[in-house]
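In what follows, a structure is listed as structure tokens, so that the remarks can point back to it.
The values are calculated or read from the model by the stated rules, or taken from the named source; none is laboratory data. Treat the numbers as computed from the prediction; the structure is a model and nothing was measured. All Cβ positions, glycine included, derive from the backbone under ideal geometry; neighbour counts span all protein chains shown.
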Amino acid sequence: MSLGQKIGRLRQERGLTLQEVSEGSGLTPSFLSRLERDKVNISVGNLRKLALFFNVQMTYFFEGEDNQQVGMFVRAADRVKLSLDDAPVQVYSLLPANGYMESRLIEALPGEGQQGFSARVGQMIYLIHGRLRYTIGEEEYILEQGDTLFFRDELGYEWKNIGDETAMLLSVSTINGGER
């Protein structure tokens with residue numbers, strides 16, 4: 001199934017019109033119509049808007065139809081990039097969307113980082129390379145290469161590469177109740 005067909009199927013399963021998706025995502029109805037018919041390509045930024053609107057991970061649009069496999073295998077060259085090419089923080093999905101767990105490889109230039117809100121049951125951060133300052137709620141942690149941080153509950157978080165080199169970290173999260 002093509003990307004456009006997946007988007008169209010998701011819209012129809014949720015009982016939405018093109019106009020409703022347009023209003024919620026900021027994309028025009030004509031663009032969405034052409035997208036669903038595979039007449040146009042979509043940028044990463046616009047795909048992110050649709051993922052946010054539909055409340056799915058961006059990897060949802062790329063997962064295979066064969067969900068009967070025992071294991072999931074993704075070659076390094078086939079990872080889905082979740083960030084823009086010129087972003088100071090690069091994020092790659094390591095697994096196809098499965099509704100239970102997210103695994104991401106993240107690279108951040110010196111001085112760069114991210115902030116957000118974790119709606120996960122649990123999240124583990126493993127610092128492969130570099131040095132990070134990680135703040136969860138009111139608590140602050142300094143992570144060195146090889147350190148692991150685990151936290152639970154729904155908390156605001158922020159992290160920043162405080163080293164002189166590009167930091168590389170692995171983020172593994174369990175998704176609340178298996179829902180996306």
Which members of segment 11-33 meet the condition of being of a type outside the set (Gly, Ala, Ser) and surrounded by fewer than 18 Cβ atoms within 10 Å (Cβ to Cβ)?
GLN12, GLU13, ARG14, LEU16, THR17, GLN19, GLU20, GLU23, THR28, PRO29, PHE31
Flag for PHE61 being at pLDDT 85 or above and surrounded by 16 or more Cβ atoms within 10 Å (Cβ to Cβ):
no
Given the conditions (1) of a type outside the set (Asp, Glu); (2) under 18 Å from LEU95 (Cα atoms); (3) modelled with pLDDT under 90, which single one is not true for GLY137?
(2)
In the list LEU50, LEU35, LEU10, which residue meets the criterion of being touching a Phe, Trp or Tyr at 6+ places or on another chain (Cβ under 9 Å), assigned to a helix (DSSP H, G or I) and modelled with pLDDT of 90 or more?
LEU50
